[in-house]
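**Student:** One structure follows; several queries about it will come next.
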C-alpha cells in the first residue's frame with residue numbers, strides 16, 4: 001500500500017488571533033519547494049535563522065483531517081512561518097530536510113513497535129529525538145496533562161504545548177524560543193566538549209614534560225618552558241636532567257625545527273631516547289650518533305632536524321663534558337666573575353643534517369661554585385624593540401648579568417629572563433622557549 005501524500009501548508013501570515021488552517025497539496029515528497037530527501041540524522045543540523053530565512057515548522061500529527069488547527073504565524077522578522085505536515089514517522093523522516101528549524105510533535109502519535117515497548121508513553125518522542133538530534137522539538141499534549149509535557153521536556157524536548165490552547169502568538173513565540181534554546185544547548189555542549197578536550201590535552205602534555213631525576217645530587221635544578229603555539233603546553237623544545245649511578249649529573253636541552261604538535265611529539269621521543277641511552281652508559285659522540293638515528297627514523301621528512309646541547313657534570317661538580325649539535329653554548333655564572341658563554345668552537349652539526357657526522361666532547365672547568373644555564377634559541381631570537389634588531393647571544397648575556405647583579409637566582413632568574421625577552425620583543429615570542437638552570441653552591 002503506497003504511503004499517503006503529506007501536506008504542505010500555505011500561510012498568509014496573520015499573527016494576531018486564531019486563524020483557520022489552510023492546507024495545499026504538495027508534490028510527491030510533500031514539499032512544495034521540491035527539496036531533496038533529508039540527510040542522515042548524524043548530518044542533520046537546523047538551518048541558521050537569518051533575516052533572509054523563513055522559519056520552517058514540521059508538524060507530526062495523526063489526524064488526517066487536519067483538525068489540529070495549526071494557526072497562521074509570523075516569525076520575528078514578520079515573514080510567514082512555513083509549515084509542513086506528516087501523518088506518520090515515515091513521512092516525517094522524508095520531510096525532515098536541513099531547512100526545518102523546529103518539529104511540533106503530537107505525543108498521541110503511535111511510535112513504531114509501540115506494542116513491544118509496553119507502556120512507554122513517550123516512545124514516539126524518543127524516536128523523533130533519535131531521528132532528528134539536531135532539531136528543536138515542541139511536544140503537543142492534551143490540555144491539563146502538564147505532567148506528561150514536563151516529562152517530555154526532561155526526555156529532550158525544548159518545550160510542551162496544550163492542543164486546545166494553540167494560537168499564532170503562543171506558537172510562533174514557542175517555535176523561536178525552542179530554536180534558540182536548541183542552538184544554545186548545542187553551543188554549550190560544544191564548548192563543554194572543547195574544554196574537556198583542552199583539559200585532556202593539558203594533562204597529556206604535562207605528563208610529557210620531564211621530571212628531573214637528581215636524587216642524591218647537591219645540585220639545584222630549575223626550568224622554565226613556554227611553547228610558541230597558542231594555548232599549548234608543549235612545543236618542539238625539550239630538556240631533561242638525570243643523575244646516573246656513578247654520581248654524574250647529565251643535562252640536555254634541544255630544539256626540533258618548528259613548534260607544532262608533530263615537532264612536540266618528536267621532541268618527546270628524542271628526550272625519552274636520550275634518558276634511556278644515558279642510563280645505558282652512552283655519552284658524547286656515541287650518544288648523539290644514536291639520537292640522530294632515532295631522529296632519522298621518526299621524522300616525517302628529511303628536512304626536519306634538531307639542535308642539541310648535552311652536559312655531563314662530574315661527581316665532584318667541578319668539571320663537565322660539553323657536546324653541542326648546532327646549539328648555542330650554555331651560559332655560566334661564577335662568584336666574582338661576569339657571566340659568560342662556555343666555549344663553542346667545536347660545535348658540531350644539528351642532528352639530521354649530515355650522515356655520519358661527529359660531535360666532539362669538550363672538557364670544561366666549572367669551579368667550586370657556579371650556575372649553568374642551558375637555553376633554546378627562542379630566548380635569543382626575539383626582537384629588542386629597535387627596528388629588526390634581535391636580542392642575540394650578546395644581548396642575552398648582558399641581560400642575565402644585570403639580573404644576577406640584582407640578586408636573582410633559580411626560578412626567579414629564569415622567570416625574569418623569559419619575561420624581559422618577551423617585553424623587549426613587544427609581545428609573545430614567536431618560537432618555543434626552554435631554559436634550564438643548574439646551581440652548585442657548596
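The values are calculated or read from the model by the stated rules, or taken from the named source; none is laboratory data. It should be emphasised that the depicted structure is a prediction, and the values quoted were computed from it without experimental measurement. FYI the Cβ positions are ideal-geometry reconstructions off the backbone, even for glycines, and counts take in every protein chain you see.
**Student:** Any chance the range 280-298 includes a residue that's in contact (Cβ under 8 Å) with a residue 40 or more places away in the chain, in contact with a helix residue (DSSP H, G or I) (Cβ under 8 Å, 6 or more places away or on another chain) and surrounded by fewer than 20 Cβ atoms within 10 Å (Cβ to Cβ)?
**Tutor:** Checking the range 280-298: not a single residue is in contact (Cβ under 8 Å) with a residue 40 or more places away in the chain, in contact with a helix residue (DSSP H, G or I) (Cβ under 8 Å, 6 or more places away or on another chain) and surrounded by fewer than 20 Cβ atoms within 10 Å (Cβ to Cβ).
**Student:** Here is a further query. Residue pairs, Cβ under 8 Å, 6 or more apart or interchain, first in the range 127-138 and free of Cβ contacts under 8 Å to residues at least 40 places away in the same chain, second in a loop (DSSP other than H, G, I, E, B) and surrounded by fewer than 23 Cβ atoms within 10 Å (Cβ to Cβ). List them.
**Tutor:** Short answer, once both residue conditions are applied: 127/111; 127/112; 129/156.
**Student:** Regarding residue 266, is this residue in the same structural domain as residue 299 (by TED's automatic domain parsing), over 22 Å from residue 330 (Cα atoms) and assigned to a helix (DSSP H, G or I)?
**Tutor:** When the stated conditions are applied, residue 266 passes them.
**Student:** Based on what the data block shows, is residue 137 at pLDDT 90 or above and farther than 14 Å from residue 60 by Cβ?
**Tutor:** So residue 137 does not fit the description; no.
**Student:** So residue 302 ticks every box in (1) more than 28 Å from residue 407 (Cβ to Cβ); (2) surrounded by fewer than 18 Cβ atoms within 10 Å (Cβ to Cβ); (3) over 32 Å from the mean Cα position of the chain (by Cα) but one. Which box is left unticked?
**Tutor:** (3)
**Student:** Okay, moving on. Test residue 320 against the stated conditions and say whether it is free of Cβ contacts under 8 Å to residues at least 60 places away in the same chain, assigned to a strand (DSSP E or B), in contact with a strand residue (DSSP E or B) (Cβ under 7 Å, 6 or more places away or on another chain) and surrounded by 15 or more Cβ atoms within 10 Å (Cβ to Cβ).
**Tutor:** Against the criterion (free of Cβ contacts under 8 Å to residues at least 60 places away in the same chain, assigned to a strand (DSSP E or B), in contact with a strand residue (DSSP E or B) (Cβ under 7 Å, 6 or more places away or on another chain) and surrounded by 15 or more Cβ atoms within 10 Å (Cβ to Cβ)), residue 320 qualifies.
**Student:** Checking the conditions here, which among 236, 247 is out of contact with any helix residue (DSSP H, G or I) (no Cβ under 9 Å at 6 or more places or on another chain) and either touching a residue at least 12 places away in the same chain (Cβ under 8 Å) or buried (at least 22 other Cβ atoms within 10 Å of the Cβ) (or both)?
**Tutor:** Exactly one residue qualifies, and that residue is 247.
**Student:** If a residue has to be more than 19 Å from residue 361 (Cα to Cα) and either part of a helix (DSSP H, G or I) or at pLDDT 95 or above (or both) to count, how many in the range 300-314 make the cut?
**Tutor:** 2
**Student:** Right, something else. Just checking: which of the strands (runs of 3 or more DSSP E) contained wholly in the range 334-442 hold 1 or more residues that are buried (at least 21 other Cβ atoms within 10 Å of the Cβ) and either modelled with pLDDT under 95 or out of contact with any helix residue (DSSP H, G or I) (no Cβ under 8 Å at 6 or more places or on another chain) (or both)?
**Tutor:** Answer list for the range 334-442: 370-375, 433-440.
**Student:** Conditions: (1) more than 27 Å from residue 217 (Cβ to Cβ); (2) touching a strand residue (DSSP E or B) at 6+ places or on another chain (Cβ under 6 Å); (3) free of Cβ contacts under 8 Å to residues at least 60 places away in the same chain. Residue 356 meets all but one. Number of the miss?
**Tutor:** Result: residue 356 fails condition (2) only.
**Student:** With (1) assigned to a helix (DSSP H, G or I); (2) modelled with pLDDT under 85 as the list, and residue 234 as the residue in question, which single condition is left unmet?
**Tutor:** Evaluating residue 234 over (1) assigned to a helix (DSSP H, G or I); (2) modelled with pLDDT under 85 leaves (1) as the failure.
**Student:** Cβ-Cβ distance below 6 Å, separation of 6 or more or different chains: which pairs start in the range 417-433 with a residue that is more than 25 Å from residue 267 (Cα to Cα) and end on one that is modelled with pLDDT under 95 and outside any helix (DSSP H, G or I)?
**Tutor:** Pairs found: 424/384; 424/385; 425/382; 425/383; 426/385.
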